[in-house]
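Single-structure report; data block below.
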Amino acid sequence: MQAARTAYPLKWRIMDALEGVAAAIWPARFRRATPYLMLLPAVLLVGLLVLGLIQIADASLRTLDTTTFQFSDDYSIANFRRALTEPLFLVVARRSLIAALIVTAVTLIFAFPYAYLMVRTASPGLRKFLLIALFLPFFIGQVVRAYGWLIILGNQGMVNEALGLVGVAPMRLIYNYPAVLFGLVQYMLPFAVLMLAPALTAIPEELEAAAGSLGANWVRTFIHVVLPLARPGFIGAGVVVLTLSLTDFAVPAILGGGSQDFVAIAIYDQFFRTSDQGLGATLALMLVALGSILVGIVFALFGAGTLAMGRSRA
Amino acid sequence: MKRFRPTLSQLSRRTFLQATAALGGASALGLRGAHAQEPEKPAEIIVRAWGGSWVDSLKAGVSDGFTKMTGIAVRHDLTEDNEIQPKVWAAVAQNRVPPIHINWDTTTNATKSALRGVTEDLSDLPNLAHVTDLAKPAGLEGFPIVNTYGYVYVLAYRPAAFPDGPPKSWKDLLDPKFKGRLAFYNDGIGFHFPAQVAGGGKLEDIPSNMQPAWDFITKMKAQQPLLGEDPDFTTWFQNGEIDAACTISTNAREARKNGVEIEWVVPEEGAKFDTDGLWIPKGLPENELYWAKQYINHALTKEAQQVWLDGLGLPGVVPGLTPPKDLVDDPSYPTTEEDFQHLIRISSKVQVENESEWFSKFKAIMQG
């Protein structure tokens, strides 16, 4: 009897061929190493970053000769000495660090109710609205958003025009530190909500109901049930917001009016304005180190939160 | 009789350029047969330029004429001058073809590239025979850069904010009513030298003792000025954010063209005068180098300079240019010896060697 044409369809043949190719490239005896093979893309990516860091480290130890604009062949720690002693870099580093801490705290405070409402609301319409409002800023981009604030908050912007209608003279709402913090919080909010939402989703609603049935009011339930269980989300969101704020360039550059530089701007200046790539590399390394230390402290104190994918001690 | 026709690689660069420059001149005179001897034309040449009215002026004055003359398209690369520099330096260091044919650059920035040895020598451009001393980069051997015009960092102001008449001194900006209403470049460029005079110092003390400048800038910091780049000044004037700024006159003129009421002066302490120029990075194929040089040579013709610099409102390096009507007898358009007496000019070499320290000092004051 002739076999039906569909008994061994073309798709299966293709799959067999692909499996044959895969077996030739990666024989069965290598199977135990397969999980490590999965790591290869990540290793390649991190490896490239490490290579870049090694190059940056090399550049950081070379000083610029301003008579030839060539870098020294010898290594020295002169750039590190400058970075640690010149007032400009200390001011900028302190400003960046304080801003990162403030922005992280404020963003988490704003992000939590947003994420909680988005996760717990019974209204599909409201959930959709909150999701759209959350993702919309991602499509706009940081620079455009910062310029948007210039239009809204500028001397001739919408806010000042509205104030003018009630007789208030135009006031400077941008080009200062609070404006930079405001812009960063607005930029970071979606990141924080996205990191918090999975942690809140993982808290069974029944726990809150049980706390209520045992006599806890909303505040006690929030403090003793929701907040502790949401800690992994707070840690994940906090780490992401902290590191992104610490290294931000566009918001302080656009909303700071030139007088609220962060470390990233100081790095840019050294690379592109004074052509001193050695000092720029030094500042870049120090920023990486500062960010890594901060994240390390958070992980040491609180665990990795949602970033540990459920394996943290939180 | 067969004539020996060397390949491009067999020609020494100078011999080649002398020959082709002569042929170029011949072709400009209408000797069409000369075109047969020109090196192969690239489809396009890439000129790095500043955007907005800057590139519009270059296109109208130089690029369009060059394309019409040679048939070679000109692409303007609007990468910032500071950002193209490391790319060009890296390309030359790695023996790669650089990403641009011509860099339109500040003379200070270009001097860095010249000191690093990444610029082609332009001494053999035929039109250099007809330019003023301004075209020659001070303190450098030969012509690694050709300065193409000068500009002044003027004190630009909104007349409405100065009801008693134009500001006479940079010190006038210390009036408390201007708190938060002033603007400077974010690295202080253009303001260091007049600040030295306004602070009671001497220009001869630059760079050894600039404490008077830093003291004056510290006083100015209390005014909480905005700090930005060229486009910011025009925007800030247009949006009513500032009343006065130390900026290149071109930016102020651009704001005025856009309907903003704005004037400018050279205060009694003086104003910084500087130049921009064109240069060619090393590493181009010989034929492209030739046509890049032809571009710069064309930029030094009176016709090209007149249109280009009418757009920018800046004085060129070719004698006999006519100032734009709105800039006749304007201090930002110096043409006579007397005009230059009110302007401060410090050699590019001194600026380049000390710029990093000055920028840091200015920023340390303003960021503190």
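Examine the range B:148-158 for a residue that is within 25 Å of A:Gly256 (Cα to Cα), touching a Phe, Trp or Tyr at 6+ places or on another chain (Cβ under 6 Å) and either within 14 Å of chain A (Cβ to nearest Cβ) or small (Gly, Ala, Ser) (or both), and state whether such a residue exists.
yes
So, in the range A:249-265, how many residues would count as being assigned to a helix (DSSP H, G or I) and either open to solvent by less than 10 Å² (accessible area, probe 1.4 Å) or closer than 19 Å to A:Trp149 by Cα (or both)?
Adding up the residues that qualify gives 6.
Yes or no, residue by residue, for (1) modelled with pLDDT under 95; (2) open to solvent by less than 40 Å² (accessible area, probe 1.4 Å); (3) out of contact with any helix residue (DSSP H, G or I) (no Cβ under 9 Å at 6 or more places or on another chain):
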{"residue": "B:Gly316", "(1), (2), (3)": "no, yes, no"}
{"residue": "B:Thr335", "(1), (2), (3)": "yes, no, yes"}
{"residue": "B:Val352", "(1), (2), (3)": "yes, yes, no"}
{"residue": "B:Lys361", "(1), (2), (3)": "yes, no, no"}
{"residue": "B:Ala364", "(1), (2), (3)": "yes, yes, no"}
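Condition first: in contact (Cβ under 8 Å) with a residue 12 or more places away in the chain and either open to solvent by 40 Å² or more (accessible area, probe 1.4 Å) or assigned to a strand (DSSP E or B) (or both). Now tell me which residues in the range A:78-108 satisfy that.
Listed by number, the residues that qualify are A:Phe80, A:Arg82, A:Leu97, A:Leu101, A:Ile102, A:Val106.
Can you tell me how many residues within the range B:243-284 are under 24 Å from B:Gln196 (Cα atoms) and aromatic (Phe, Trp, Tyr)?
Count: 2.
Name the residue, out of A:Tyr36, A:Tyr75, A:Tyr116, that is farther than 30 Å from A:Leu189 by Cβ and either in contact (Cβ under 8 Å) with a residue 12 or more places away in the chain or in contact with a strand residue (DSSP E or B) (Cβ under 7 Å, 6 or more places away or on another chain) (or both).
A:Tyr75
What number of residues in the range B:169-191 are out of contact with any Ser or Thr (no Cβ under 9 Å at 6 or more places or on another chain), surrounded by 13 or more Cβ atoms within 10 Å (Cβ to Cβ) and either more than 14 Å from chain A (Cβ to nearest Cβ) or of a type in the set (Ser, Thr, Tyr) (or both)?
The qualifying residues number 7.
State yes or no: is B:Asp187 under 24 Å from the mean Cα position of the chain (by Cα) and of a type in the set (D, E, K, R)?
In short, yes.
Show me the helices (runs of 4 or more DSSP H) entirely contained within the range B:36-125 in which 2 or more residues are within 14 Å of another protein chain (Cβ to nearest Cβ).
In the range B:36-125, the matching helices (runs of 4 or more DSSP H) lie at B:81-93, B:107-116.
Against the condition closer than 30 Å to B:Ala183 by Cα, surrounded by 13 or more Cβ atoms within 10 Å (Cβ to Cβ) and touching a helix residue (DSSP H, G or I) at 6+ places or on another chain (Cβ under 7 Å), how does A:Ile174 come out, does it pass?
Here the answer is yes, as A:Ile174 does meet what is asked.
In the range B:202-231, which residues are within 14 Å of chain A (Cβ to nearest Cβ) and open to solvent by 50 Å² or more (accessible area, probe 1.4 Å)?
Across the range B:202-231, the qualifying residues are B:Pro207, B:Thr218, B:Lys221, B:Ala222, B:Gln224, B:Glu229, B:Pro231.
For the range B:252-271, which positions are open to solvent by 10 Å² or more (accessible area, probe 1.4 Å) and over 17 Å from B:Asp329 (Cα atoms)?
B:Glu254, B:Arg256, B:Lys257, B:Asn258, B:Gly259, B:Val260, B:Glu261, B:Glu269
Taking A:Leu244 as meeting all but one of (1) part of a helix (DSSP H, G or I); (2) within 9 Å of chain B (Cβ to nearest Cβ); (3) surrounded by fewer than 23 Cβ atoms within 10 Å (Cβ to Cβ), write down the number of the exception.
Of everything listed in (1) part of a helix (DSSP H, G or I); (2) within 9 Å of chain B (Cβ to nearest Cβ); (3) surrounded by fewer than 23 Cβ atoms within 10 Å (Cβ to Cβ), A:Leu244 misses just condition (2).
What single numbered condition from (1) closer than 29 Å to A:Leu196 by Cβ; (2) open to solvent by 50 Å² or more (accessible area, probe 1.4 Å) fails to hold for A:Pro137?
Of the numbered conditions (1) closer than 29 Å to A:Leu196 by Cβ; (2) open to solvent by 50 Å² or more (accessible area, probe 1.4 Å), the odd one out for A:Pro137 is (2).
Please go through the range A:200-227 and give me each residue that is open to solvent by 60 Å² or more (accessible area, probe 1.4 Å) and acidic (Asp, Glu), ordered by number.
A:Glu205, A:Glu206
The values are calculated or read from the model by the stated rules, or taken from the named source; none is laboratory data. Everything numeric here is computed off the predicted structure, so don't read it as measured data. Note that each Cβ is placed from the backbone with ideal geometry, even for glycine, and that neighbours are counted across all protein chains shown. Side chains included, ligands, DNA and RNA excluded: accessible areas come from the protein's heavy atoms. Shrake-Rupley method; radii C 1.70, N 1.55, O 1.52, S 1.80 Å.
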